[in-house]
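Report on one structure; see the data block that follows.
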Amino acid sequence: MSAPAETKPAPARRPRLLLIGSVVYLALIFGVMLWQGVSIEPEWVALVLLVIAVALGRGRTFIADWTPFLLLFFAYEAMRGFAAKTNFAPHDLSGMERWVFAGTIPTLTLQHDFYHPGVVGLQDVVALFFYFMHFVLPIVVGFVFWVTSREYYWRFVAALLLMCFMAFVTYLFWPSAPPWYQLHDVVKINDQTVHALWGYTLVSPLYHSFNSNPFAAFPSLHAAFPMLAAVYAWQRYKLLALGLVLWSAAVFISIVYLGEHYVVDALVSILYVAATTIVVEVVSRLRAQRAETAAKIRPATPSA
């Protein structure tokens, strides 16, 4: 009997090189979108990541793993606008903000010191950048987790979705107004900067028509998303986690400076991050323990 023909090893892939190229690709795509005034929404991020997954040879797995998450994420985004259509009056949190900060409003302080009407400053562009990266960051971080561990990816996106729907319930029954809506002295710097740079922003019909909600301020998911990503990255990717901590701080300052959130909106989001992380991690460990116990008590298959 002749020996089986020797199979040639498959050409070695270079995932690290592909991932570095992917980062450059993402930076170019989203940089051009920002330059042209195109709103960066989850569907555009997902399409770009699909291209990268195909390049990694994992296109089918990406579709199987990401479709449920993205459908639920888009469902939340579509429903978020309905919370503004209830009969609940939006709460004014300026009193709470003044109580926490000894009679001052940090947004007014920051805008008084750094915002110059009629002039687009570097601080305005930087703050706008961090504000616009709201959807990009958690999805890209989730993709990093997915490349290295699908199980870890599922835990992260489960916590992300749970936090989104907890926030949605809060917006539905306890809406709150942002500083630009409630306080006459606060400038909505986002609008001023976008108008000065582009004169318009291209937004898809989904986001233009359905999900606008001016009363989704408390908690701030702009602050919560990078914080949750930092919490999950800390367990495995310390360098990434440190970068996300700095990113969270930059987002925190940006959303307050832009007049989109009070500081208390961002602070309370820490509780949402903690609650969702605890729930998901406890459930994951219980499921892992049950699977381990079931494997131990499962009778061995008798040999033929």
Within the stretch 126-169, backbone nitrogen closer than 17 Å to the virtual label 7 Å beyond the Cα of Ala295 toward Cβ = 150-152
Under the Karplus relation with 6.51, -1.76 and 1.60 and θ = phi - 60°, whole-Hz ³J(HN,Hα) for the stretch 139-147, x at Gly and Pro, equal 6, 5, 5, x, 5, 4, 4, 5, 4
For the stretch 149-200 and the stretch 245-265, what is the separation of their C-alpha centers, rounded to whole Å?
-> 11
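Counting Lys +1, Arg +1, Asp -1, Glu -1, what net charge surrounds Leu70 among other residues with beta carbon under 13 Å of its beta carbon? Mind dumping the intermediate values first?
Working: positive: none; negative: Glu41, Glu43, Asp65, Glu77.
So the surrounding residues net to -4.
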State, to one decimal in nm, how far the label point of Ala27 lies from the label point of Thr104, with both points 7 Å from Cα in the Cβ direction.
-> 3.7
With label points built 7 Å along Cα→Cβ from the Cα atoms of Ala196 and Asp92, find their separation and express it in nm.
-> 2.9
Would you mind checking which residues have amide H under 5 Å from His91's amide H? H placed 1.01 Å from N; only 5 or more apart, or other chain.
-> Ser176, Ala177
Base-10 log of normalised Debye intensity for the stretch 15-287 (one unit scatterer per alpha-carbon) at q = 0.17 Å⁻¹ = -1.55
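Every number here is computed from the coordinates shown, using simple stated rules; none is lab data. Note that the coordinates shown come from a computational prediction; the quantities given were computed from them, not determined experimentally. Cβ: placed from backbone, ideal geometry, glycine included. Neighbour counts: every protein chain shown.
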